[in-house]
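Report on the structure given below.
Just so it is clear, none of the values below were taken in a lab; they were calculated from the coordinates. Everything quoted here is computed from the prediction, not taken from an experiment. Heads up, the Cβs are rebuilt from the backbone with ideal geometry, glycines too, and the neighbour counts pull from every protein chain shown.
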Amino acid sequence: MIQKERIKPLNDEQVQNKEQIFYWMQASQRVNYNHALEFAIERANKLNKSLSVFFVLNTDFPEANLRHYQFMLEGLKEIREKLEKRNIKFKVFLGDPEDIVTKIAENSALIITDRDYLKTTKKWRKNIAENINCPLVQVESNLIVPVEEASPKEEYAAYTIRKKINKKLDYYLEELEKRQIKHPSVNKEFNFSNKLENENITKYFKNNNLAELTQKLDIDKSIKPVSHYKGGEEQAKNYLYDFITNKLDKYHELSNDPTKDYLSHLSPYLHFGQISPLLVALEIKEKYSPGQEEFLDQLIIRRELSFNFVYYNKDYDQSLKSILPDWAYTTLEEHKNDLREYIYSQEEFEKAATHDKYWNAAQKEMKITGKMHGYMRMYWAKKILEWTPSPQDAFEISLYLNNKYSLDGRDPNSYAGIAWCFGKHDRAWKERKVFGKTRYMNANGLNRKFAADLYVQQIEQLTEKKNSN
Ligand code: FAD
């Protein structure tokens, strides 16, 4: 079922008298459980037109580097194969999405797109909607409860959004059936594509040669791809079913222990839209397990709270003053001039060159694997707050490092997760130096929770393995 609340026309244009309609895939990079794709098929069938799907590969995307592009392209390659099996043509164009979508709109009866929540991609949609002569219709598929339906305002914390989301869950936790396309487009050419195509990306997909493609792209290549995660829907599904079979029943007990692997590892896939959170939730609900409630709370409440934050707070990546609740901002300001025992520069943090072996291990984990364990993420950003000259510096350094090295970086969860370490969505605690009333974490706390030295050893082994390769 595609709930009508997921569908939003972004302009007032009329359907044009053209042969084809298009789905501009951007945020929901998947074929399975994609409401925008299924809606596009419905519309094409109803209008008796064919549907093609395209993606615009933008090499200037803020903060994206080779690590992210490689992962995304692995997913796009798979999408092409899966759409072909459904008789639907898929093409990737290289360039500026605003230019390319506007040109495609000249040959389109209608364009469907999916929904994203951050500045750059929201602006693309707004500008395109204003500049084209056919309808641009947005279908929201990366949240279980659409963002405005969950709440009409920025929420204070998980406990305030939880009851609002829970009230609507039954309506939105609905299966999504695959539609059959009536008019296959798979053998059709985009008749205008030679005007748009400056690089034949399909060729690299067909030859399975993504390394050659990324080499040619004018992107930041300073951060290498990781071997730990390969992009794509199939990998995402493997992680999901492995998690359900082997980890879910202990998730509530062991997900905070970085020495044990009891996480789903779905965040990179969710970030690129390579797996649907709705599919994940439905599959998790299928199997009763003691870890189910805790996991669904993270996936639905915590994750959708992050989207609420970036959607309603346009400064989500800017100044702490406009992000934090008054108590948190005031207390951090009051303690801004407290003497710091250690001060590190961004470069020292980046090189994992602090005095703290636990912090350094966490930073190395992120650099090597493309993801840091969730529990260590909290400790990591809390210590950046403790060891930088000001909270605002700490916020900026945390975002910079998180988004540069993490495959799941640049996500609503990145901004909310880091802001949480400065008091967002949290409550006041006992007052102390530097942290004020924001929650404090220290190395003794890590040792009480899990074998922190074992974690350091495990990361050292990872580092040695990487260096010997
Ligand atoms: P699992 O524990 O298996 O969780 C499954 C899913 O639930 C996650 O993929 C995620 O979508 C959601 N989830 C879990 N924990 C949280 C949480 N605390 N807040 C919101 N959603 C959650 N998450 C990112 O996706 N990208 C980031 O860049 C990111 N940066 C963070 C930075 C800091 C400082 C902190 C404290 C948290 C950050 N998080 C981020 C949130 C969380 O740590 C990750 O979502 C989680 O570690 C991802 O790993 P997983 O999918 O294996 O988690």
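When a/c is below 1.5 the answer is rounded, else prolate if a/b is larger than b/c, else oblate, so apply that to region 269-364 with a ≥ b ≥ c taken from the square roots of the Cα gyration tensor eigenvalues.
prolate
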Spatial separation of Cα centroids for region 450-466 and region 114-134, in angstrom: 44
Candidate lysines - alpha carbon under 24 Å from Lys203, same-chain residues fewer than 8 apart omitted: Lys77, Lys82, Lys85, Lys89, Lys91, Lys103, Lys188, Lys195, Lys216, Lys221, Lys224, Lys230
If you take the alpha carbon radius of gyration of the chain and divide it by 2.2 N^0.38 Å, what ratio comes out, to two decimals? 1.00
For region 7-129 the translational diffusion coefficient, Stokes-Einstein from a Kirkwood Rh over Cα pairs at 20 °C and viscosity 1.002 mPa s, in µm²/s, is roughly 144
Once normalised by the length of region 316-469, the mean sequence separation of its alpha carbon contacts under 8 Å that are 6 or more apart gives a contact order in percent of 32
State the answer as a single residue: which of Val186, Ile219, Asn198 lies farthest towards the positive end of the charge dipole of region 157-219, with beta carbon charges of +1 for Lys and Arg and -1 for Asp and Glu, about the Cα centre. Val186
If you place +1 on the Cβ of every Lys and Arg, -1 on the Cβ of every Asp and Glu, and leave all else neutral, what size is the dipole of region 1-136 about its Cα centre, to the nearest 20 Debye? 380
Can you bin region 313-440 into rounded, prolate or oblate? Criterion: square roots of the alpha carbon gyration tensor eigenvalues sorted a ≥ b ≥ c, rounded for a/c under 1.5, prolate for a/b above b/c, oblate for the rest. oblate
Lysine pairs, Cα distance under 28 Å, 8 or more residues apart or cross-chain: how many in region 294-403? 26
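I need the calculated FRET efficiency for the pair Ser345 and Asn48, taking r as the beta carbon distance and R₀ as 60 Å, to the nearest 0.05.
0.45
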Pseudo-spin-label distance Asn107 to Lys224, built 7 Å along Cα→Cβ, given in nm, is 4.1
For the chain, what is the calculated [θ] at 222 nm in deg cm²/dmol (nearest 500), taking -39500 (n - 2.57) for each run of four or more DSSP H residues and dividing by its residue count? -14500 deg cm²/dmol
Cα centroid distance between region 281-346 and region 1-69, in Å? 30
For Asp220, what residues show an amide H to amide H distance below 5 Å, using hydrogens built from the backbone and excluding near sequence neighbours? Leu66
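Using packing as a proxy for protection, rank 75-86, 257-268, 399-410 so that the peptide with the highest average count of other Cβ atoms within 10 Å comes first.
Packing proxy ranking, top to bottom: 399-410, 257-268, 75-86.
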